[in-house]
Structure formats: structure tokens, C-alpha cells
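Notes for the one structure printed next.
Any read-out appearing in this document is the output of simple, stated calculations on the displayed coordinates, not a laboratory observation. All figures in this text were calculated on a predicted structure; none of them were measured in a lab. Glycine also receives a Cβ, built like all others from the backbone with ideal geometry; neighbour counts cover every protein chain displayed.
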């Protein structure tokens, strides 16, 4: 099992458990995080803090976790 750290919608950096199958698209890797005692499914992607693909010195690229909006515990991270 592979892990990475990513920022979640609520602004907290968490350890993400990445899928052992690897990327399912060119832009994302399925994974899950633990928050408030619950597991949240989603994916990891890389983009700038402001949500763009092109990095600048003022807006560097980071790793983000995006929760699956149809997942069981999506609402745990909803208060972003």
C-alpha cells in the first residue's frame, strides 16, 4: 500500500492511502483519507493552490485530495 500527503477541502493536510492499481486517468490516482474517525474515498491530483495547472512562483503546485461526492462520507470534508 502506498501513501502520500495531500491537502483536503477543509484545508487540513492528511495522509492519503493510494490505490494499489495506480492512476485511473492521466490526472488522478484513486485514494482515501481518514477524517474524524471516518474513511473518505476520492482521488489525488496535482494542481496549484488556486486550482490551476500552470504553476507560478506565487501559486506553486501542490497535491490535493478531492473527495468522491457520491461517497458515503463525502459530507465530512464538506465544510471547506
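The table below gives the values:
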read-out	value
Packing-based order for 35-44, 3-12, using average beta carbon neighbours within 10 Å, highest first	35-44, 3-12
Computed E for residue 3/residue 59 - FRET, C-beta separation, R0 25 angstrom, nearest 0.05	0.45
Label-point separation, residue 26 to residue 10 (7 Å along Cα→Cβ), nm	3.4 nm
Over the chain, relative contact order from alpha-carbon pairs under 8 Å, at least 6 apart, %	29 percent
Structure-derived volume of the Cα convex hull per residue in Å³ - corresponding label in [x] 83; [y] 303; [z] 96	[z]
